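The values are calculated or read from the model by the stated rules, or taken from the named source; none is laboratory data. Given the structure is predicted, the values throughout are model-derived calculations rather than measurements. Because the Cβ atoms are built from the backbone with ideal geometry, glycine has one as well, and the counts that use them run over all protein chains shown. To get the accessible areas, we keep the full protein, side chains included, count just its heavy atoms, and leave off ligands, DNA and RNA. Shrake-Rupley method; radii C 1.70, N 1.55, O 1.52, S 1.80 Å.
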Amino acid sequence: MSSHTHNTIQVKKMNIELVKNALKAQGIATKASIAALTKLSVATCGSILNELLAIGEVIELEPDGPTGGRPAKQYKYNANFGCIICLLVRTEGGIHSISNSIVNLLGETISETTLELPHIDMDVMDRFIEGLISDNENVQAIGIGIPGVVHLGVIGVCDVPDLAGQPLGPYLEQKFEIPITIENDMNMTVYGFYHLQNFEEENTFAVVTFPRNHFPGAGFIVDGRILSGNTTFGGEVSFLPFGISREEQLRELHTEEGFIRLAVKTLSSIIAIINPVTIAITGELPRESQLQALYTGCLKDIPEEHMPQLIIRNNTHREYMTGLVTATLESLTYRLQVTQKR
């Protein structure tokens with residue numbers, strides 16, 4: 001394929017994405033209104049709309065009542081053209097579970113269930129997903145949140161032992177031939193928190209979790225982007241140099257004094273490195289009554305003018321699922337990444 005042909009294909013894919021996004025944003029639109037929003041020509045918008053109509057991704061609406069002239073055709077994005085499947089894999093108190101959401105292409109939840117299981121491994125995930133795909137029409141992508149490190153779809157250190165070291169992403173992509181997004185649970189939780197904040201400009205935000213009987217973890221958004229690091233190890237705050245063994249760390253976190261001390265060191269490290277506007281403290285261990293002690297403890301090392309807002313949120317299911325749904329829908333969009341030197 002020549003570079004000219006390749007560039008032409010890229011431009012067309014981007015234009016299709018622009019039209020779809022404009023239609024989703026407007027709800028109901030005409031060719032002219034889409035052209036005005038996308039800065040594309042009316043003819044280009046009409047051609048793309050005809051292609052999307054042919055496959056059912058766009059719906060043409062009946063014109064309103066008589067207007068004295070030929071009414072402009074109106075279009076609506078077909079949210080039910082397909083769906084995505086989002087799975088949150090969890091282990092809490094020795095109980096393994098998978099929370100499953102079926103979501104339409106506008107991000108609206110169609111159904112949501114949670115299933116507790118005696119164990120979760122590759123075979124369990126495979127059978128579970130196969131059943132969901134057979135029960136739902138035109139599944140376009142799958143998103144999976146994992147309590148562990150994920151690199152290129154391969155799971156590393158993980159709180160679900162039977163998934164550690166498994167190439168879940170490559171396996172599922174080869175079998176089902178649709179985009180598979182597998183992400184660390186903290187990355188998806190911070191992504192969900194960030195999107196629900198509706199910041200007017202790109203900002204820096206952090207979530208740190210202190211679960212019962214597991215090591216803490218964190219997720220970061222820096223200037224509007226997830227910060228996961230070279231090998232997606234970013235956020236593994238249990239590896240900070242606390243000066244004690246990991247076994248001692250886990251024991252101390254389950255005592256009042258030890259939790260405050262280690263949490264303050266963790267929060268202070270995050271503040272000094274990424275300077276977030278807010279840190280959400282999550283998990284089963286933190287309590288609202290500890291918030292002042294955590295804030296005061298950080299002030300011993302962090303100047304007050306650089307202190308972020310600290311909030312405690314024990315249940316983050318909504319934020320976690322929001323982040324995963326957002327990332328999975330984004331996997332369906334065509335984006336040309338341009339890096340500019342500054």
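Put a dot 7 Å past the Cα of residue 14, heading toward its Cβ, do the same for residue 171, and the two dots end up 3.8 nm apart. The packing ranking of peptides 217-230, 288-301, highest mean first, is 217-230, 288-301, where packing means the average number of other beta carbon atoms within 10 angstrom of each residue.
Here the peptides 89-96, 276-283 are ranked by packing, the mean other Cβ count within 10 Å, and the order with the highest first is 276-283, 89-96. For the chain, the antiparallel share of DSSP beta bridges with both residues in that region comes to about 60%.
Using a 1.4 Å probe over the heavy atoms of the protein chains, calculate the carbon and sulfur portion of the accessible area of the chain as a whole percent.
Details: 9150 of 17980 Å².
Solvent-exposed carbon and sulfur of the chain make up 51 percent of the total.
With every protein chain left in place, what is the accessible area per residue of the chain in square angstrom, probe 1.4 Å?
Working: 17980 Å² over 342 residues.
I get 53 Å² per residue for the chain.
Shape verdict for segment 271-323, please, from the Cα gyration tensor: rounded (a/c under 1.5), prolate (a/b greater than b/c) or oblate.
Here segment 271-323 falls in the oblate category.
From helices alone, the chain scores -12500 deg cm²/dmol at 222 nm; the rule is -39500 (n - 2.57) for each run of n ≥ 4 DSSP H residues, then divide by the residue total. Of the residues 171, 191, ranked by 1.4 Å probe accessible area with the largest first, the sequence reads 171, 191.
Can you tell me how much longer the chain between residue 136 and residue 42 gets when fully stretched, taken as 0.36 nm per residue apart minus their C-alpha distance, in nm with one decimal?
Computed gain between residue 136 and residue 42 is 30.3 nm.
Listed cross-link partners 76/175; 13/39; 12/73 are compared with a 25 Å cut-off, the Cα-Cα value being larger for 76/175. Highest mean packing first, where packing is the average number of other Cβ atoms within 10 Å per residue, the peptides 42-48, 55-61, 132-138 line up as 42-48, 55-61, 132-138.
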